[in-house]
Structures are given as structure tokens and as C-alpha cells.
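**Q** Once you've had a glance at the structure underneath, I'll fire off some questions.
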Amino acid sequence: QVRLVESGGGLVQPGGSLRLSCAASGIIFSRDAMGWFRQAPGRRRELVASITNVGMTNYADSVKGRFTISRDNAKNTVYLQMNSLKPEDTAVYYCKALIYASWGQGTQVTVSS
């Protein structure tokens, strides 16, 4: 059974930073590509960043240069470092093992002054 637990969200001012974490279980973490998605109110869920099992990364154009995805296979955890946050980054952020259908509960990120 796939289980994903996101944490690290919160309220931050524009220009600030947050680091999200996602602890995964029920999968062979070191084998699987992982992704971070987000969903803002009234909008579709979108892929923000992904990382392969060997650490190759890909980013949505809207976050390139500001967000960094990384993983620690020893801890079965994937991270999303978010810098220079903007109000339009406000959303619920979810992680996902890309070959599985399961989602975690998400973590709310709010960027506001």
C-alpha cells in the first residue's frame, strides 16, 4: 500500500522560502521517479517538478530557477526547496510516485504579505 506524507507548508511572505518534505512508504523508493504537484483553488493540478531514480530533474517553466527538487533514497524522502516565492505559488502541494495512482493529503503553501 502506497503511503505519501507531505509536510513543511505554511504561510510565507513574497520572496521567502519554504522546504517541503514527502515521506514515502509501500514502494521501492530508490527505483521510482517522484514528482511534486500543486493545485490552486479553481485550477487543475499541475506538475511542478520531477526527479528520476538517478536524480535527473525537470521543472515547470513557472518555477525554474526558484524551486529545487531532491531526494534521499536512504530516508525514502523527496524534497522541494522553494525560494523567491510569489503569491501565484499559493496552492496545495502534493508529492507522487509517478508510476502509482496514489496521492498524499497535501500541504498548504500560502504566499502573502
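**Q** Give the residues of segment 38-54 that are more than 27 Å from residue 112 (Cβ to Cβ), modelled with pLDDT of 95 or more and open to solvent by 40 Å² or more (accessible area, probe 1.4 Å), sorted by residue number.
**A** Listed by number, the list holds a single entry, 52.
**Q** So which residues in segment 67-101 are open to solvent by 10 Å² or more (accessible area, probe 1.4 Å), under 15 Å from the mean Cα position of the chain (by Cα) and not aliphatic (A, V, I, L, M), if there are any at all?
**A** If the condition is that a residue be open to solvent by 10 Å² or more (accessible area, probe 1.4 Å), under 15 Å from the mean Cα position of the chain (by Cα) and not aliphatic (A, V, I, L, M), then 68, 70, 71, 72, 76, 77, 79, 81, 83, 90, 94, 96 are the ones that fit.
**Q** A follow-up question, please. Assuming residue 14 fulfils every condition listed in (1) surrounded by 14 or more Cβ atoms within 10 Å (Cβ to Cβ); (2) modelled with pLDDT of 95 or more; (3) not in a strand (DSSP E or B) apart from one, which condition is it?
**A** (1)
**Q** While we're on this one: Based on this model, can you work out whether residue 27 counts as surrounded by 14 or more Cβ atoms within 10 Å (Cβ to Cβ) and outside any strand (DSSP E or B)?
**A** When the stated conditions are applied, residue 27 passes them.
**Q** Looking at segment 48-59, can you tell me whether even one residue there is touching a residue at least 60 places away in the same chain (Cβ under 8 Å) and at negative phi?
**A** No; the residues of segment 48-59 include none that is touching a residue at least 60 places away in the same chain (Cβ under 8 Å) and at negative phi.
**Q** Go through segment 2-11 and give me each residue that's at positive phi and assigned to a loop (DSSP other than H, G, I, E, B). Explain how you work it out, then say what you get.
**A** Residues of segment 2-11 that are at positive phi, as a first pass: 8, 10.
Of everything in segment 2-11, just one residue is at positive phi and assigned to a loop (DSSP other than H, G, I, E, B), namely 8.
**Q** May I ask you to list pairs of residues, at least six apart or on different chains, whose Cβ atoms are under 9 Å apart, with the first in segment 86-112 being modelled with pLDDT of 95 or more and the second being part of a helix (DSSP H, G or I) and open to solvent by 30 Å² or more (accessible area, probe 1.4 Å)?
**A** So the pair list comes out as 110/87; 111/87; 111/88; 112/87.
**Q** Confirm whether residue 35 is in contact (Cβ under 8 Å) with a residue 40 or more places away in the chain, open to solvent by less than 40 Å² (accessible area, probe 1.4 Å), closer than 24 Å to residue 61 by Cβ and assigned to a loop (DSSP other than H, G, I, E, B).
**A** no
**Q** Also, I was wondering about something else. Determine the pairs where a residue that is more than 24 Å from residue 23 (Cβ to Cβ), located within segment 61-76, has a partner that is among the hydroxyl-bearing types (Ser, Thr, Tyr) and not in a loop (DSSP other than H, G, I, E, B) with Cβ atoms under 6 Å apart, the partner being 6 or more residues away or on another chain.
**A** Filtered contacts from segment 61-76: no entries.
The values are calculated or read from the model by the stated rules, or taken from the named source; none is laboratory data. All values derive from a computational prediction rather than experimental measurement. Virtual Cβ from ideal backbone geometry, glycine too; neighbours counted across all protein chains shown. We work out accessible area using only protein heavy atoms, side chains counted, and drop any ligands, DNA or RNA first. Shrake-Rupley method; radii C 1.70, N 1.55, O 1.52, S 1.80 Å.
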